[in-house]
Structure formats: structure tokens, C-alpha cells
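Undergrad: What follows is a structure written as C-alpha cells; I'll ask about it next.
The values are calculated or read from the model by the stated rules, or taken from the named source; none is laboratory data. Please read all numbers here as calculations on a predicted model, not as lab measurements. Methodologically, a virtual Cβ is constructed for each residue, glycine included, from the backbone with ideal geometry; neighbour enumeration extends over all protein chains shown. Ligands, DNA and RNA are stripped out before the accessible areas are found, and what is left, the full protein with its side chains, is counted by its heavy atoms. Shrake-Rupley method; radii C 1.70, N 1.55, O 1.52, S 1.80 Å.
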Amino acid sequence: MENHGNGCVITIRHAVGRSLLIVAGLLCGVPAVARSPAPSPECMDARLMQEVRQSTPLSLLVLGSDGRRFRVELGNECKLALQDADATLLAEEGWVCGRAREFVQTAGQTCRIAAVRGIDAREYAELARISDRQQAIKTLGTVEVRADRRHGFAGSYSYCFSPRHMRSWSEDGESMLVEMSPKRSRGNRYYRVELVQNCPVLDSSPAIYFQSGMGTGLICGNPGDRVVAIAEEGGFSSRGIKTMSCAIGAVYPMEKTKKKD
């Protein structure tokens, strides 16, 4: 990381075998009092980048340590492959707004940043999940593909939670709110779990458990992820069904400002 006058250069490096990019050096070396305010409320503060992914050849996903999420669009002339090389983000004073003179640079090329758009936790989770699954498929060989699936996909707390660390849950007919241990979920205390369809049995179920469709033990909204309701004696139907499962369509952490410890 370097500071060039009023500019800020932040290096992001890819972790081998995963689509997660690790931000190295979050401070620009410019005293806080000397830094200009953001040109627009929609700008991204590159110094706060906590997690970066390449969602498509022409876009990046960025999660900030302040909880804000962004989609960064690159110029059409650029085709990045960050999984193959380190990259450097260049922006005036670290403010990325989609203005002129903002770039993502690799050893082979410099890509113009065309636009920056704030997105919510649900959209970020959906795009990050797709990106990670595609990257797992690309990096696995034929033998590994046939092996246990947990070797190919790990998931991320940006869009997954581990049922082992669940404290409580509630539901409103179409979705669930799951409370986690923040220390075990990278600071996320609440996750919204959207169901594919109405699941009224949850309202009368004394207990539930989750099934991971990818065999990872994590619930991410992947195909096969389900919540299973356990009936009381004689519950659910006269046929004596003791459990009933409902498909999960999406998982994402709730905004930190909506729930407090």
C-alpha cells in the first residue's frame, strides 16, 4: 500500500482456491483531519473494505467494515480475472464513486471503474453465493468433483450461518429470523432465512433443525437447504407424520442497526 499525494493505493490479494479477496492495508497514511469528505453519500470508502469478490468479469462485490455493501462495475474494455493475480485499487483519497481516475490494476492491465452502486444484504448474499459456487467449480479437478462435496464449497458468513451456533429463532409465515452467537458468525447476530413457500408448520413446531444441501453443515440458501419442523405427538396429520421440511431460498445477515445486543 502506498500514498501518492492525495491518492490512495490499496492492494487486494486473492486467497488461493476461494473467491474471497483479502484487503491488505486499510489505511492510506493520510491523517484523518486532512482527508476531504466523501464527494457523494453514495461513494465507497476503500479504507473500510473488509471483503471483496469478483462476481463477474466486469464487476466486484465489496463489503465494508461499516456494514455497507457495494457493487463496483468496470469498463466494458476490461476483463479481469482476480483469482489469477493480485490487484490494486486506485482512487482519490480512497473515495470510490465511479468518477474519472478510479481504477483496478493488475500486473497485466488497468481497468477503469465505471460505476459504484450500494446494494442491500440480500442482493450481496445472492451474488456472493453464486460467485463462490462458480469459483469452486472452476478450481476443482475431475477427481475432486467426485469427492465429498464439502471439499469444493465452504461458504461465507456473508450469506451462510452454522446451525450449531444458533441461539433462537422466530418466523412470520414466509421467512425466519435466526439469532446466532456473534462471536461464531463474524459479528453477525441475526440472519434472515427466506423460505421458498409458506411453511405454517413452523408456527406449531416445538423444535426445528436445519439440513445442508451442499453437505457443508452451513445453511446458505443453496439447493437442498431445508428447515425441518419436529411435530409433537400426533401432530401435523392424522397419518402420524412427525417431521415436515420446508425449502430455503435465501439467507443473509440483518443490518447491524436493526438489532442490537
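Undergrad: Quick one: residue 41 ticks every box in (1) at pLDDT 55 or above; (2) part of a strand (DSSP E or B) bar one, so which box is it?
TA: So residue 41 meets the others, but not (2).
Undergrad: Hey, another quick one. Report yes if some residue within segment 190-207 is modelled with pLDDT of 90 or more, open to solvent by 60 Å² or more (accessible area, probe 1.4 Å), of a type in the set (Lys, Arg) and not in a loop (DSSP other than H, G, I, E, B); otherwise report no.
TA: Within segment 190-207, none of the residues are modelled with pLDDT of 90 or more, open to solvent by 60 Å² or more (accessible area, probe 1.4 Å), of a type in the set (Lys, Arg) and not in a loop (DSSP other than H, G, I, E, B).
Undergrad: Could I ask something else about it? Cβ-Cβ under 8 Å, sequence separation 6+ or interchain: first residue in segment 202-223 and closer than 20 Å to residue 168 by Cβ, partner part of a helix (DSSP H, G or I) and modelled with pLDDT under 90. Which pairs?
TA: Close Cβ pairs (under 8 Å, with a partner that is part of a helix (DSSP H, G or I) and modelled with pLDDT under 90) amount to 208/202; 217/150.
Undergrad: Whether any residue in segment 10-27 is touching a helix residue (DSSP H, G or I) at 6+ places or on another chain (Cβ under 6 Å), at pLDDT 90 or above, open to solvent by 60 Å² or more (accessible area, probe 1.4 Å) and over 19 Å from residue 109 (Cβ atoms) is what I want to check.
TA: No: zero hits.
Undergrad: Residues of segment 93-148 being basic (Lys, Arg), buried (at least 16 other Cβ atoms within 10 Å of the Cβ) and modelled with pLDDT under 85, which ones?
TA: 133
Undergrad: So residue 88 ticks every box in (1) outside any loop (DSSP other than H, G, I, E, B); (2) at pLDDT 90 or above but one. Which box is left unticked?
TA: So the condition that residue 88 fails would be (2).
Undergrad: Do we find that residue 62 is in a strand (DSSP E or B), modelled with pLDDT under 85, of a type outside the set (Phe, Trp, Tyr) and touching a strand residue (DSSP E or B) at 6+ places or on another chain (Cβ under 8 Å) in this structure? If you could, list the steps in order and put the result at the bottom.
TA: Working: in a strand (DSSP E or B): yes; modelled with pLDDT under 85: no; of a type outside the set (Phe, Trp, Tyr): yes; touching a strand residue (DSSP E or B) at 6+ places or on another chain (Cβ under 8 Å): yes.
For residue 62, the condition - in a strand (DSSP E or B), modelled with pLDDT under 85, of a type outside the set (Phe, Trp, Tyr) and touching a strand residue (DSSP E or B) at 6+ places or on another chain (Cβ under 8 Å) - is not met.
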